[in-house]
Amino acid sequence: MNKEQVIHIIAEKMKLIRTESGYSQDRMAELLGISKKTLVQIEKDRSLPGWNTVVAVTALFHQSEVLQNSLGDEPLEVIRLVTFEHAEEPFSRTLGGKVWWKEIKSAGPYTLQQNLISKHFRILDQAHFRWLSTFDESEAFTRLEELSDGKRT
């Protein structure tokens, strides 16, 4: 997944996200820092939102069912991955991947999972802390091996 794909996904779902949240076009435009005219153009599929608008939608509505069904259970993680290409460090505890994830491989105390919607990979430890998030499958397998061999740097 890349920025262009995420922009198109958010553009397609903008009206649904707005209506799910119960906002008028005026209020949604105000929240996003765009004009109502721009929002109408996006909702009518006449233009695409800018990256800043996509990030704002994701940040403000990350718990939206519409957004989660479009990007997976952690839309902000997808935005970070698309922006920075990968994220690596033990950060944020997860729920362990019971719904949105399939287990690819386990090695020692670590599990490699793939998101069923966005298709990105992550490595979790036994306490469900995320050690890596990436769209690069080979990077995910390499890092899983390193972590299971005790290389935590």
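Bear in mind that the values in this text are calculations on the coordinates, not laboratory data. Everything numeric in this text was worked out from a predicted model, so none of it was measured. Positions of Cβ are generated from backbone atoms using ideal geometry, with glycine treated the same way; all protein chains shown enter the neighbour counts.
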- Query: Helix 75-84 versus the longest principal axis of the chain: what is the Cα-based angle in degrees, 0 to 90, to the nearest 10?
  - Reply: 80
- Query: Using θ = phi - 60° and the Karplus form 6.51 cos²θ - 1.76 cosθ + 1.60, what ³J(HN,Hα) does each residue of segment 37-43 get, whole Hz, x for Gly and Pro?
  - Reply: 4, 5, 4, 4, 4, 5, 5
- Item | Read-out mean projected area of the Cα convex hull in nm², derived from the coordinates shown; its label in (1) 13.9; (2) 12.5; (3) 8.8 | (3)
- Karplus-derived 3J(HN,Hα), 6.51/-1.76/1.60, for each residue of segment 20-33, Hz, glycine and proline x: 4, 7, x, 9, 6, 4, 4, 5, 4, 4, 4, 4, 8, x
- Query: In which sequence would Ile7, Ile123, Ile17 go, from the one with the fewest C-beta neighbours within 10 Å to the one with the most?
  - Reply: Ile7, Ile17, Ile123
- Query: Summing -39500 (n - 2.57) over the DSSP H runs of n ≥ 4 in the chain and dividing by its residue number, what mean residue ellipticity at 222 nm do you reach, to the nearest 500 deg cm²/dmol?
  - Reply: -14500 deg cm²/dmol
- Note on the structure: Given unit charges at Cβ for Lys, Arg (+) and Asp, Glu (-), the dipole magnitude of the chain about its Cα centre in debye, nearest 20, is 460
- Query: Residues with amide H under 5 Å of Leu116's amide H, sequence separation 5 or more or different chain, H placed in the peptide plane at 1.01 Å from N; which?
  - Reply: Trp101, Lys102
- Under a plain spin-label model, where a point goes 7 Å from the Cα along Cα-to-Cβ, how far apart in nm are Thr38 and Thr19? 2.4
- Task: Mind putting a number on the dipole of segment 3-78 about its Cα centre? Charges go on the C-beta only, +1 for Lys and Arg and -1 for Asp and Glu, and I need it in Debye to the nearest 20.
- Result: 440
- Item | Selection from His8, His62, Gln41 lying farthest towards where the dipole of segment 3-78 points positive, charges on Cβ | Gln41
- Per-residue ³J(HN,Hα) for segment 115-127, Karplus 6.51 cos²θ - 1.76 cosθ + 1.60, θ = phi - 60°, Hz, x for Gly and Pro: 6, 5, 9, 7, 6, 7, 10, 8, 10, 10, 8, 5, 8
